[in-house]
Amino acid sequence: MEITVRVCDVCTDPTRAVTTYTVTDQDGRSGSTDRCEVDGESLATIIAATRAVAPKVASSARTEGKKPGKKATAPRRRRQTEVMTLEQIEEMKRKE
Ligand SMILES: [Zn+2]
């Protein structure tokens with residue numbers, strides 16, 4: 001009988017559940033690593049952050065080479081010319 005247990009590449013603790021992460025660099029080289037929850041925390045954080053940034057954008061951005069960081073400046077500029085709410089206008093009148 002043969003039992004194969006996947007263990008974390010860092011701590012090799014067989015009692016910990018592992019997740020396999022595949023890492024790819026900008027040159028297209030890739031490798032994979034098995035990590036437990038503790039040792040894979042930084043990798044899990046990257047995945048969580050990528051998912052939070054709208055997954056639809058991620059697929060098109062990859063082909064166009066755009067970085068999601070550019071988006072952060074656009075809404076800020078728009079906010080200055082955006083229509084004010086009645087409450088904001090009333091507040092400005094009070095200050096003047
Ligand atoms: Zn580990």
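Read-outs throughout are calculated quantities, based only on the coordinates presented, and are distinct from any laboratory measurement. From a predicted model like this one, the values you see are computed outputs, not experimental measurements. Because the Cβ atoms are built from the backbone with ideal geometry, glycine has one as well, and the counts that use them run over all protein chains shown.
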What nm distance separates the two modelled labels at residue 90 and residue 37, each placed 7 Å from Cα along Cα→Cβ? 5.0
Between residue 17 and residue 30, what is the label-to-label distance in nm when each label sits 7 Å out along the Cα-to-Cβ direction? 2.4
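In the range 11-40, what trypsin sites (Lys or Arg not before Pro) fall in a loop by DSSP, with at most 10 other Cβ atoms inside 10 Å?
Counting only loop positions with at most 10 other Cβ atoms within 10 Å, the trypsin sites (Lys or Arg not before Pro) in the range 11-40 are 29.
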Computed D for the range 1-52, Stokes-Einstein, Kirkwood radius over alpha-carbon pairs, 25 °C, 0.890 mPa s, to the nearest µm² per second, is 202
